[in-house]
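The values are calculated or read from the model by the stated rules, or taken from the named source; none is laboratory data. Just so we're clear, the structure is a prediction, and the values are computed from it rather than from any experiment. Here the Cβ positions follow ideal geometry from the backbone for every residue, glycine too, while neighbour counts run over all protein chains shown. Just so you know, the surface numbers come from the protein's heavy atoms only, side chains and all, with ligands and any DNA or RNA stripped out. Shrake-Rupley method; radii C 1.70, N 1.55, O 1.52, S 1.80 Å.
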Amino acid sequence: MIGAHAARRVCLDESPEAAAELLRRRGLDPRRLERLLFSTADGGDAARSETVGLLDAWGRPAEAELYVPPRRDGRPPGLIVGLHGVGSSAAVLREHLRALADACGAVLLCPTALRPFEASSNFDVAGIFGSRFQEARWTTEPGDFPVRALRWAREHLAVDVNRCALVGASMGGIATWGMASRRWDGLAMAASVNGAPSIWEMFGPDNTMRELLPNALGVPLTVVHGARDRQIPLVLARDAVTHLRGRGHQGVSFVEVPDGEHGLSTMGIEPGKPQFDEIVRCFDTARRTPWPGRVLHRAREEAHGRAHWVEMKDLLPGSTATVDARAVDRTHLVVRASGCSRLRLFLGDRLVDHGRVLVTVNGGSREVDFRPSLVDAISTYRGSDADPGRMAQMVVDIALPEIHEEEGTSC
């Protein structure tokens with residue numbers, strides 16, 4: 001029987017068709033492959049600290065600092081991707097977060113930021129560094145290092161892919177908010193230290209941030225901020241937490257550090273401190289559910305149109321696309337969407353039964369014959385940054401009809 005690591009290599013290195021033929025000869029069907037890719041049975045990574053190399057989607061290399069703590073029990077380790085701030089580094093952040101990784105029983109991987117490959121507005125960091133800030137920074141693009149670090153760990157380490165978290169400080173905290181508002185479905189939790197959803201809010205509304213912030217309702221959040229922070233005002237983080245609580249977020253916590261300044265060394269991210277203990281508590285209790293019965297998602301960029309098993313395609317320029325997708329039962333899916341002209345559904349037998357599935361989109365219905373495909377499973381695993389929680393056994397594209405007002409609910 002092929003092991004989990006070997007199966008990952010086959011799926012990622014071979015063409016989907018060649019990989020499917022090879023894995024089929026090993027007795028794997030789509031469900032068995034999914035279970036194998038989730039498995040950590042052939043893991044047992046040795047405790048160590050080392051520097052590893054990452055590549056972004058444009059082929060640019062950057063170093064990342066890896067820390068694998070000693071195994072504290074028989075539970076597979078989770079993963080913390082640490083995002084450093086301006087003027088800091090991956091190595092410095094790793095030392096700050098080592099005790100946190102130990103307490104959480106999680107592998108720690110801290111990538112190094114590069115300058116964005118493409119020009120961007122920099123609205124999220126404009127308030128601290130100026131709208132023309134062009135230094136190394138994080139972006140939420142799928143090809144940048146926050147996403148690529150998650151992929152590298154899922155590909156190379158025996159981590160529990162349903163216990164992956166982001167912990168960011170300063171600029172890294174801003175990126176953590178950005179990821180929680182765009183790619184929340186890949187995270188078990190997120191923690192921001194002296195960050196905020198957008199610094200542009202110091203000067204005026206950041207409409208993109210406001211439109212996308214409700215996505216963070218889908219992921220537990222711990223927000224830690226220093227009362228003496230003079231670079232990113234505490235009120236920006238506190239207001240965002242208040243907004244999410246007002247929308248019913250039950251898993252968001254806020255810890256104010258009375259003597260905390262902007263520098264991470266002043267923030268007391270160490271055992272015995274309330275802020276440290278709260279991040280550990282959140283991590284220990286959080287676990288992603290890969291196939292939820294209902295998905296609510298918003299997107300303003302094509303790259304972030306997917307959440308779990310539904311994706312909005314061909315987004316209308318300048319608008320916010322929204323989707324509310326739910327499984328009524330294992331033979332009927334109901335979707336209401338706007339702001340896009342096409343949908344893609346990622347079906348799996350954790351969500352629906354084999355055979356006929358009724359799909360109702362904006363009041364119009366069609367039947368889909370769900371037949372799991374090993375090629376589709378491998379293709380979607382590759383296209384989902386090696387995340388078996390986002391792989392599918394069949395992909396269905398649907399043109400979006402006009403909304404029938406009597407059907408469904410709004411996002």
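Summary table
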item	result
For peptides 7-19, 174-186, 157-169, 370-382, sequence by mean Cβ density within 10 Å, most packed first	174-186, 157-169, 370-382, 7-19
Largest-first ordering by accessible area, 1.4 Å probe, given options Phe145, Phe254	Phe254, Phe145
Principal axis dimensions, the chain - Cα atoms, whole angstrom, descending	60, 52, 36
Antiparallel DSSP beta bridges within the chain, percent to nearest 5	60 percent
Accessible area (Å², 1.4 Å probe, nearest 10) - Thr320	30 Å²
Accessible-area composition of the chain, carbon plus sulfur, in percent [1.4 Å probe]	48 percent
Surface per residue (accessible, 1.4 Å probe) for the chain, Å²	40 Å²
Assigned charges on the beta-carbon of Lys, Arg, Asp, Glu; the chain dipole about Cα centre (debye)	620 debye
Förster-model FRET efficiency, 25 Å R0, Thr242 and Leu316, C-beta, rounded to 0.05	0.20
Segment 356-391 versus segment 249-289: alpha-carbon centroid distance in Å	37 Å
In Å², nearest 10: area of Trp152 left accessible to a 1.4 Å probe	40 Å²
Spacing of the two label points (7 Å from each Cα toward its C-beta) at Arg330 and Val235, in nm	5.4 nm
